[in-house]
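Worksheet: one structure, shown below.
The values are calculated or read from the model by the stated rules, or taken from the named source; none is laboratory data. Owing to the predicted nature of the structure, the values given are computational and were not obtained by experimental measurement. Because the Cβ atoms are built from the backbone with ideal geometry, glycine has one as well, and the counts that use them run over all protein chains shown.
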Amino acid sequence: MSNPSYGTKPRVVVIGAGITGALVAWRLQRSGWQVTVLEAAHVGAGSSSRTAAGIRQQFSTAETVVGMRYSVGFYREFCSLVGGERSPIVQNGYLFLHALEERWGAAQARVEMQRHFGLTDVVALENTELVKRFPWVDPHAVLGGTFCPSDGFLHPETVYNEAIAAARRLGAQVHVASPVLAAEQRGGRWSAVTTPTGRFEADLFIDCTNAFDAALQLRLGLTALPIAPLKRYLWFVQRSGSVFAGASGEAAFAAMPLVIAPSGAYCRPENTESLLCGWAHDAQPEPDFTMDDQDRIEPQFFHKGGTDTAGYETWASLAEVIPGVGEFAGITATTCGYYGTTPDHNPFLDRDPAVENVIRAAGFSGHGAMFGPFSALVVEAIANQGRPDSISVLEQDIPLSAFRIGRQLGHESMVI
Ligand SMILES: Cc1cc2nc3c(=O)[nH]c(=O)nc-3n(C[C@H](O)[C@H](O)[C@H](O)COP(=O)(O)OP(=O)(O)OC[C@H]3O[C@@H](n4cnc5c(N)ncnc54)[C@H](O)[C@@H]3O)c2cc1C
């Protein structure tokens, strides 16, 4: 499908207004489409307001390293590109800690690959060097770590609110409280979708519902994609005056990178007083989850349920490598939301094989906040060029095969 610059603008409906939908809407409106956003509840009603919002370029495949380098650059330029006054990115870095020889060896090899693909500031730090730089890490608990100072975390509400506002300024229509309930299909194409508030015709439709996609695809007759909605929790641990060994006070705490312990538990400063912690505990897929289920906390995960709940287990696991965290005062809050998880933890960014004018941008697993700018770039290329095999990102030709529907589904190894 082409996007002619003459005559009436081609129309596109974007379904869902999280980070993905908001950035896609802004990007497509800017590139000549007439965008209508249909959001079931309100802007940011899904995982985008419940996320740890980490952003890293330390990945194990070339396309994701380059893609996330693009995302980091985009978020750094966000205010001038999109709008707003507050940068959405905090570049405190990402520190992956390793305690097993085999994993540490593989991590060092990954750093070589990442540097080859332009991530020049990532380093592999042996134990001694590591604790010199991060004196709050227990030297007896780790062999080493990989650190990239330009990684970090996002203010997700800045991303989706500013992107939607910018899309509106450019002329996009945004309808909240407008769940898409049905689609009119003719000859392998959609002609319109309906919500309780109206019927919306378009030339192209973009599904940006991520974890909600599992329910949407059934309802709307789309190709069934393996996207499992998995509940994921976050806990907030109060510092209350405690500081790390070797670090002095608030500023040092606020500058802490996002740290991933050898166990997979992770943490980062939420503000000068509290630490956000998470861990991908075992979970059963919940394909029929509702909006309200997003905030339903199961007893074994709720910090008020006692010290044998998952939040305390996560806190204790982090304290094994960062002893100072063990001195913190206590967990003050539990929040949760859903990952839309795929078998290889890569999203689907592709046209639906059954409905030619529907693009699926879903299945972001634990990565949708960081993927946002790259996802929108790929969706724009698909919208304007048909179904390109690759796109040019930071002067590199990036194959899109890793994001195709129907790809061989393997396993990505660095998942949080
Ligand atoms: C605890 C937790 C930690 C996370 N940590 C990270 C992290 O560190 N880094 C990272 O990058 N990612 C992380 N993620 C994942 C990330 O938050 C998501 O991948 C990302 O927010 C997905 O954004 P999205 O816009 O694609 O989907 P969402 O934000 O879920 O938006 C989908 C939207 O679609 C709407 N919708 C649903 N059905 C319909 C319908 N029928 N019609 C119209 N609208 C509909 C919903 O209301 C919602 O607003 C985490 C997620 C969780 C839960």
## Note on the structure
Of the listed residues (Phe78, Phe59, Phe96), the one being within 16 Å of the ligand (Cβ to nearest atom) and either of a type in the set (S, T, N, Q) or in the same structural domain as Phe289 (by TED's automatic domain parsing) (or both) is Phe96
### Query
Of the numbered conditions (1) farther than 30 Å from Trp26 by Cα; (2) of a type in the set (A, V, I, L, M); (3) outside any loop (DSSP other than H, G, I, E, B), Leu234 satisfies every one except a single condition; which is it?
(1)
### Filter result for the condition that a residue is surrounded by 21 or more Cβ atoms within 10 Å (Cβ to Cβ), within 15 Å of Gly145 (Cβ to Cβ) and within 24 Å of the chain's Cα centre (by Cα), over Leu119, Leu95, Leu130
Leu95
### Query
For the range 165-210, what are the residues that are within 15 Å of the ligand (Cβ to nearest atom), under 19 Å from Gly386 (Cα atoms) and assigned to a strand (DSSP E or B)?
Trp190, Phe205, Ile206, Asp207
### Query
Does the range 331-340 contain at least one residue that is out of contact with any His (no Cβ under 9 Å at 6 or more places or on another chain), more than 27 Å from Arg186 (Cα to Cα) and more than 13 Å from the ligand (Cβ to nearest atom)?
no
### Task
Would you point out which residue out of Ser390, Ser375 is within 15 Å of the ligand (Cβ to nearest atom) and either surrounded by fewer than 24 Cβ atoms within 10 Å (Cβ to Cβ) or small (Gly, Ala, Ser) (or both)?
Ser375
### Message
Which residue is surrounded by the fewest Cβ atoms within 10 Å (Cβ to Cβ), if the candidates are limited to the range 8-33 and must be within 9 Å of the ligand (Cβ to nearest atom) and part of a loop (DSSP other than H, G, I, E, B)?
### Response
Gly18
### Task
Might you check whether a residue that is within 12 Å of the ligand (Cβ to nearest atom), of a type in the set (Lys, Arg) and in contact (Cβ under 8 Å) with a residue 24 or more places away in the chain occurs anywhere in the range 345-356?
no
#### Entry: Verdict on Thr36 being under 30 Å from Thr120 (Cβ atoms), among the hydroxyl-bearing types (Ser, Thr, Tyr), in contact (Cβ under 8 Å) with a residue 60 or more places away in the chain and more than 9 Å from the ligand (Cβ to nearest atom)
no
### Odd one out for Leu234, checked against (1) within 11 Å of the ligand (Cβ to nearest atom); (2) modelled with pLDDT under 95
(2)
### Task
For residues that are polar (S, T, N, Q), assigned to a loop (DSSP other than H, G, I, E, B) and at pLDDT 55 or above, tally how many sit in the range 397-416.
1
### Hey, Thr223 in a helix (DSSP H, G or I), among the hydroxyl-bearing types (Ser, Thr, Tyr) and closer than 30 Å to Ala283 by Cβ or not
no
## Note on the structure
In the set Glu112, Glu157, Glu162, the lone residue that is charged (D, E, K, R) and away from the ligand (no atom under 16 Å from the Cβ) is Glu112
### Task
Starting from residues that are crowded, with 22+ Cβ neighbours inside 10 Å and not in a loop (DSSP other than H, G, I, E, B), keep the ones in the range 39-56 and report whichever is farthest from the ligand (Cβ to nearest atom).
Ile55
### Cross-chain or 6+ apart pairs with Cβ under 7 Å, the range 296-311 first and among the polar types (S, T, N, Q), then assigned to a loop (DSSP other than H, G, I, E, B)
Gln300/Thr309; Thr309/Phe302
### Selected residue (criterion: nearest to Leu154 (Cα to Cα)) from residues of the range 87-118 that are among the small types (Gly, Ala, Ser) and in a loop (DSSP other than H, G, I, E, B)
Ser87
### Task
Output the qualifying pairs, or none if there are none: Cβ atoms under 8 angstrom, residues six or more apart or on different chains, first residue in the range 263-291 and β-branched (Val, Ile, Thr), second residue crowded, with 17+ Cβ neighbours inside 10 Å.
Thr272/Arg239; Thr272/Phe253
